[in-house]
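Peer 1: There's a structure below that I have some questions on.
The values are calculated or read from the model by the stated rules, or taken from the named source; none is laboratory data. Predicted model only: the values in this text are computed from it and were never measured. Methodologically, a virtual Cβ is constructed for each residue, glycine included, from the backbone with ideal geometry; neighbour enumeration extends over all protein chains shown.
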Amino acid sequence: MKRFFVAVLLCCLLSAASAWAKGGMLLVAFGTSVDKARPAIDAVVKTCGAQADGPVLLAFTSDIIRKKLAAAGENVPSVNAALRQLADQGVDEVLVQSLHIAPAEEYSQLERMIVRFVTKNPGVFKSVKVGYPLLVSEKDLNTVVSVVLDALPERRRGDAVVLMGHGNDRGPGDLVLAAAATAFHKADPLVWLATVEGANSFDRVLPQLRAAGVKRVWLQPFMLVAGDHAVNDLAGPEEDSWASRIRAEGMTPLPHLVGLGEIEGIRRLFLEHARHAVIDLAAPGKAE
Ligand code: CO
């Protein structure tokens with residue numbers, strides 16, 4: 001009997017504690033101003049946001065893109081402005097989910113932005129937990145390889161696939177993308193991944209396509225959105241786009257401009273990372 005009362009008391013205390021805390025969620029992407037690319041981001045916001053028990057905001061880190069959108073009448077906040085908005089709405093437990101592909105430079109920047117906010121505004125948030133980007137573990141990579149390959153259009157025998165990742169000259173992202181390139185190629189020897197920036201250049205892939213005697217090449221962005229890079233650098237008409245370089249080799253490029261955010265399995269992985277977020281940047285000294 002006594003145990004029953006203790007349990008009831010505990011339940012009351014716990015529900016009171018959660019009533020005092022107000023949760024909110026912030027999803028952060030680089031951003032896009034390409035209208036057709038945007039549903040990929042909105043779909044991830046919808047999937048992850050459905051799990052939140054408070055306000056859900058989307059922030060873009062790119063100043064240029066936010067300015068462009070503002071000129072067209074849409075105000076997407078910066079990370080700083082979005083954290084401010086959540087605080088103004090009384091949120092004190094924030095869950096930030098990175099919509100980046102790799103724990104690379106853009107993700108490090110996001111962490112620094114949050115740390116700057118909580119340092120300048122001490123006590124505003126009880127916790128600011130951050131969910132990892134898409135690819136941080138081997139398990140993530142296996143999931144991503146299988147869902148991305150499954151989402152491709154039906155290929156003819158001998159069709160190759162080239163995935164375009166972003167990459168970066170700075171930070172640790174290139175190693176993650178190199179691991180992804182290896183994993184895709186191991187899963188299917190006719191699939192290659194290269195990046196716009198950084199070490200995993202398309203220059204390395206083109207001779208391999210030639211050597212494999214490939215005739216048709218599917219082109220798939222390996223980014224959250226099929227935005228500017230996909231439209232221009234991957235599939236655009238300019239001489240140095242990947243599609244043009246493939247065509248110049250006598251092969252047929254077949255652009256499949258679907259952002260990763262449009263793939264359900266990718267959205268589920270972001271959601272899983274949000275659910276398992278443990279890093280609390282409002283209490284960085286605390287042992288986890
Ligand atoms: Co770029």
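Peer 1: Can you pull out the residues in segment 100-119 that are within 20 Å of residue 47 (Cα to Cα) and touching a helix residue (DSSP H, G or I) at 6+ places or on another chain (Cβ under 6 Å)?
Peer 2: Within segment 100-119, the first condition is being within 20 Å of residue 47 (Cα to Cα), and the residues that meet it are 100-102.
Once the filter is applied, which keeps residues that are within 20 Å of residue 47 (Cα to Cα) and touching a helix residue (DSSP H, G or I) at 6+ places or on another chain (Cβ under 6 Å), segment 100-119 yields 100, 102.
Peer 1: Also, I was wondering about something else. Could you check how many residues of segment 245-288 are assigned to a helix (DSSP H, G or I), among the small types (Gly, Ala, Ser) and under 25 Å from residue 30 (Cβ atoms)? Break it down into steps so the answer makes sense when it comes.
Peer 2: Of the residues in segment 245-288, the ones assigned to a helix (DSSP H, G or I) are 245-248, 260-262, 264-275.
Then drop every residue that is not among the small types (Gly, Ala, Ser), which leaves 248, 261, 265, 274.
Keeping just the survivors that are under 25 Å from residue 30 (Cβ atoms) gives 261, 265, 274.
So the answer is 3.
Peer 1: Go through segment 132-181 and give me each residue that's assigned to a loop (DSSP other than H, G, I, E, B) and among the acidic types (Asp, Glu).
Peer 2: Those that are assigned to a loop (DSSP other than H, G, I, E, B) and among the acidic types (Asp, Glu): 154, 159, 169.
Peer 1: Here's something else I'd like to know. Could you tell me which residue of segment 89-108 is nearest to residue 173 (Cα to Cα), considering only residues that are of a type in the set (Asp, Glu) and in a helix (DSSP H, G or I)? Step through it out loud before you land on a result.
Peer 2: Step one: list which residues in segment 89-108 are of a type in the set (Asp, Glu), which gives 92-93, 105-106.
Still in the list and also in a helix (DSSP H, G or I): 105-106.
Working: 105: 7, 106: 9 Å.
Ranking the qualifying residues of segment 89-108, first place goes to 105.
Peer 1: Follow-up. Restricting to segment 1-35, give me the number of residues that are within 30 Å of residue 229 (Cβ to Cβ) and at pLDDT below 95. It would help to see each step written out before you state the result.
Peer 2: Narrowing segment 1-35 to residues within 30 Å of residue 229 (Cβ to Cβ): 25-35.
Next, from what is left, pick out any that are at pLDDT below 95: 33-35.
Count: 3.
Peer 1: Kindly provide the set of residues from segment 182-236 that are part of a helix (DSSP H, G or I), within 16 Å of the ligand (Cβ to nearest atom) and more than 18 Å from the chain's Cα centre (by Cα), ordered by number. Let's see the steps before the verdict.
Peer 2: Taking segment 182-236 as the starting set, the residues that turn out to be part of a helix (DSSP H, G or I) are 182-187, 202-204, 206-211, 228-234.
Subset that is within 16 Å of the ligand (Cβ to nearest atom): 202, 228-234.
Selection gives 202, 231, 232, 233, 234.
Peer 1: When the residues of segment 218-236 are narrowed to those that are free of Cβ contacts under 8 Å to residues at least 60 places away in the same chain and touching a Ser or Thr at 6+ places or on another chain (Cβ under 7 Å), which ends up farthest from residue 148 (Cα to Cα)?
Peer 2: Of the residues in segment 218-236, the ones free of Cβ contacts under 8 Å to residues at least 60 places away in the same chain are 219, 221, 232, 235-236.
Filter again for touching a Ser or Thr at 6+ places or on another chain (Cβ under 7 Å), leaving 232, 235.
Numbers: 232: 21, 235: 18 Å.
Across segment 218-236, the extreme among qualifying residues is 232.
Peer 1: Determine whether residue 188 is out of contact with any Gly (no Cβ under 9 Å at 6 or more places or on another chain), of a type in the set (D, E, K, R), under 25 Å from residue 36 (Cα atoms) and modelled with pLDDT of 95 or more. Explain how you work it out, then say what you get.
Peer 2: Working: out of contact with any Gly (no Cβ under 9 Å at 6 or more places or on another chain): yes; of a type in the set (D, E, K, R): yes; under 25 Å from residue 36 (Cα atoms): no; modelled with pLDDT of 95 or more: yes.
The answer is no for residue 188.
Peer 1: Tell me which residues, restricted to segment 83-97, are crowded, with 24+ Cβ neighbours inside 10 Å and either under 27 Å from residue 136 (Cα atoms) or among the basic types (Lys, Arg) (or both).
Peer 2: 83, 94, 95, 96, 97
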